[in-house]
Each structure stands twice: as C-alpha cells, then as structure tokens.
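The values are calculated or read from the model by the stated rules, or taken from the named source; none is laboratory data. What you are looking at is a predicted structure, and each value in this text was computed from that prediction instead of being measured. Note that each Cβ is placed from the backbone with ideal geometry, even for glycine, and that neighbours are counted across all protein chains shown.
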Amino acid sequence: MSRFKCWKILVIYNMLIILLIIFGCSNQTKQTNQVKWNIKGYVEAKDKFRAWQGVCTDGKYLYVTTDRNEKFELENIISVYTIDGKFVSEKRKAYTKPDSKGKFMSFGQGTIIDGKMYVTAYNFNASANPLESRAVIYNLQRLDILEEHDIGEGVAESISKYAGDFYICYHDKQEIRRFNSNYKLINIYPLSQKAGPDGGYQSIFWDGDCAFLNMHGANERGKVYSSGLDKYQFDGSSFKFSCRIKPPTYGSGQGVSKYLNRFYWADRVENKIVITNGI
C-alpha cells in the first residue's frame, strides 16, 4: 500500500473518531439555553446557613431545611416563611434521632406530599460508615414528626411521589430508587448523567411523566457555577435523559421544588431562596 493511501486511511479514521466523540458528548449532556429564567423574587434566610439544603411549599408557606446552625454546627432546622417571604417561625433540633451507631442524621431536601412534609435524613455529614438514610414525615401545622422510615444505605437527598410510589435520588449514586407505599424497595433505575464536581442530585420533582433532578452546586463563591437541572422522561421502566438546564443563579445547586407555575431554589452560596417562573 502506498504512503498516500495509508495517509488517507489515517485521516479518515481520525475524522471518524472525532465525529464519534462529538456525537457521544452531545448525547451525553445536551445543554439548553432556551430557558430564560424570570426571577420573581428572593427570600433572604433569617440566619446564616438556613438555606443550606432545600425548600418546598404548600402554596401558602415556604419550608426551608438545613442541617447547619448559624455557627455551622450540625443541627437540623426547619424555617417557615410566608409565600411572599416574611419569616414566620422555625423548628430547632427538628430531627435528633441518630443512626444505628449513634451518628448524626442530616436533613436533605423537603417535599410536600399529600399535605405533609417528607424530608430525607442521612449520616453522611457525620463521617459515618455504613451510610444510612431515612424518610421523616412532618405535619405542616406544628412540624411534629408523624412517621419515620428506614430507606436503606446511601445518601438519600430527596423523596418524591409518582403514580402511588416513592422515588428517591441520591448524592452518592447516579440512580433513582423506587419504593412502594410501605417503603419496600421495588426497583433501581440507573441515570445516564455523571455526578458533578460537587456531587450528585440534591432534589427530584415531577412534571407529568418527566422527572427533574438538580445537581449539587458549589458551597462558596469563586468555584464552579451550579451544574444544572436535568430533565428525564420516565416511560415506566427507565429514565431517558432529555436535557440539562442552567440554574438561575450561581448558587442554586441544592433543593428545588415546583408549585403551580413557580420554581423555588435553595441558593446555598447566597443563603436565600430564589423564586422563578416555570419552564
């Protein structure tokens, strides 16, 4: 074979490799700039680190969760604000039950389900081993604990409900776990997107048959802009990645919830709740 033919084959081969890489990357994470977030307002947290984990709403009040107090010590706190941002009250030491070895269990994101607030709790921030997670359920009137359920190993960040079952996302696993109404694990669904530089998904909520999961963002200024809100289509047997949406602010890399046509984002870096239009 002539040198010319060898060179030509090599060029074609390299071009094919480049095309495969480009095609593969474009299907791995499709970025979209089509969403133009219209920021409707902010809710400044009452004290330092109060917006550290997540936010949810019943349409009347905002319930903001953190596992850190103003001294950055481990303490689970639920802060309550009116929907227009006025501070109402807070529940200090809202969850104090330790894990099986006496380690602290941290709050994750809260979610309003059937008129109650469901909050995940895990022992990751206490440097515990093995990792354990729970679902803790509160009434909305006095924020009393109604139930708590072990949901196995891992760092469960957020619980949602779809078609009668519970779907949970994780900080340390790129997967969604499905539990029935008795909190028995019935399926595990792998997710195609890799965890960001600061960790995996922090919240999950649904819009029809689509699940939206928000990737962990930076803990302080001067790092990397929050990775993004990932949209997956669920067909009953698998989650198919659709697109990644850039969050409205640099620090909106924690819990996100949706109520009617509004999104509520916990901005950890700025210690506030960001309120935007829906998609």
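Of everything in segment 90-136, what is more than 25 Å from Gly199 (Cβ to Cβ) and not in a loop (DSSP other than H, G, I, E, B)? Give them in sequence order.
Glu90, Lys91, Lys116
Is there any pair linking a residue in segment 98-118 that is on the phi > 0 side of the Ramachandran plot and assigned by TED's automatic domain parsing to the domain that holds Ile137 to one that is of a type outside the set (Phe, Trp, Tyr) and at pLDDT 95 or above, with Cβ under 7 Å and at least six apart or on different chains, and which?
Matching pairs, first to second residue: Gly115/Leu140.
Within segment 184-222, which residues are loosely packed, with under 15 Cβ neighbours inside 10 Å and outside any strand (DSSP E or B)?
Lys184, Ser192, Lys194, Pro197, Gly208, Asp209, Asn219, Glu220, Arg221, Gly222
Would you confirm, using the coordinates I've provided, whether Gln193 is in contact (Cβ under 8 Å) with a residue 60 or more places away in the chain and touching a helix residue (DSSP H, G or I) at 6+ places or on another chain (Cβ under 9 Å)?
Numbers: in contact (Cβ under 8 Å) with a residue 60 or more places away in the chain: yes; touching a helix residue (DSSP H, G or I) at 6+ places or on another chain (Cβ under 9 Å): yes.
Against the criterion (in contact (Cβ under 8 Å) with a residue 60 or more places away in the chain and touching a helix residue (DSSP H, G or I) at 6+ places or on another chain (Cβ under 9 Å)), Gln193 qualifies.
I'd like to check which strands (runs of 3 or more DSSP E) are fully inside segment 35-80 and have at least 3 residues that are within 17 Å of the chain's Cα centre (by Cα).
Working: elements: 39-44, 54-57, 61-68.
It comes to 54-57, 61-68.
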